[in-house]
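> I have a structure I would like to understand better, so I am pasting it below and will then ask my questions one at a time.
The values are calculated or read from the model by the stated rules, or taken from the named source; none is laboratory data. Since this is a predicted model, take the numbers as computed values, not measurements. With ideal geometry, Cβ positions are generated from the backbone for all residues, glycine too; neighbour counts draw on all protein chains shown.
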Amino acid sequence: MINPSTDGAGEGNPLPVERHEYVVHNYDAYNIAISNTLDQHRSLILSLKSEVYIRWLRIFFYVLAALCLTAVTVAIVYWLLFSSPNLAGYRGKAISEGEMHTLASNEPANSVAIETSFTVFTTQPTSRGELVVTAKDYSRSDLSNPNKQYCYISQSGDVNDEEIEIAYIDGGEIITSAPDDYLKSEAVPLCQFLKPKE
């Protein structure tokens, strides 16, 4: 067997061994620093993307809120301009005295007797903001003198409000039925009764 440390020709003459020196540097710290920097850049890019997304979402909601507010404003303006002027006190279509005379002079189309009557409501506000409502019932045969007149107080004139009768006409005289002094002193004088015409 040949010894690798000899040349085979002569024993004991070893071959020169080439020695190489290597320097090993530890770059782990640099690699970690670069990885951290790349992670920071990635998170910065993600945060910028999310900020852009949030900005667009915020703009969308501002536009949506503006459109909703515009729609509500248009609806309120439409309601104010094109609705009945007195919705709270609405009890039927208001008829003028001339229209009542026209209706009274018309004969019914068939021979069935139809009793037609009208109630005219007038309102007057009190100092506390309540409404004094005077009602006058007219029959078709006599539109100049009301058959019945009564007066009540209501919070807003709405049909669902509690109505407290404060006065009525009986035999040409005003009969006060107000339950307290405030109604007798302030509300009853605001009743708009008609004196019977002879």
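> Residues being outside any strand (DSSP E or B) and loosely packed, with under 14 Cβ neighbours inside 10 Å: count how many of those fall in the range 166-180.
Final tally of qualifying residues: 4.
> Now, a different point. Out of the range 5-30, which residues are modelled with pLDDT under 60 and either of a type in the set (S, T, N, Q) or not in a loop (DSSP other than H, G, I, E, B) (or both)?
Ser5, Thr6
So that you can scan it fast, the table gives a plain yes or no per residue for (1) surrounded by 11 or more Cβ atoms within 10 Å (Cβ to Cβ); (2) at pLDDT below 85; (3) on the phi < 0 side of the Ramachandran plot:
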residue	(1), (2), (3)
Ser117	yes, yes, yes
Tyr152	yes, no, yes
Asp161	yes, yes, yes
Ile164	yes, yes, yes
Leu194	yes, yes, yes
Lys197	no, yes, yes
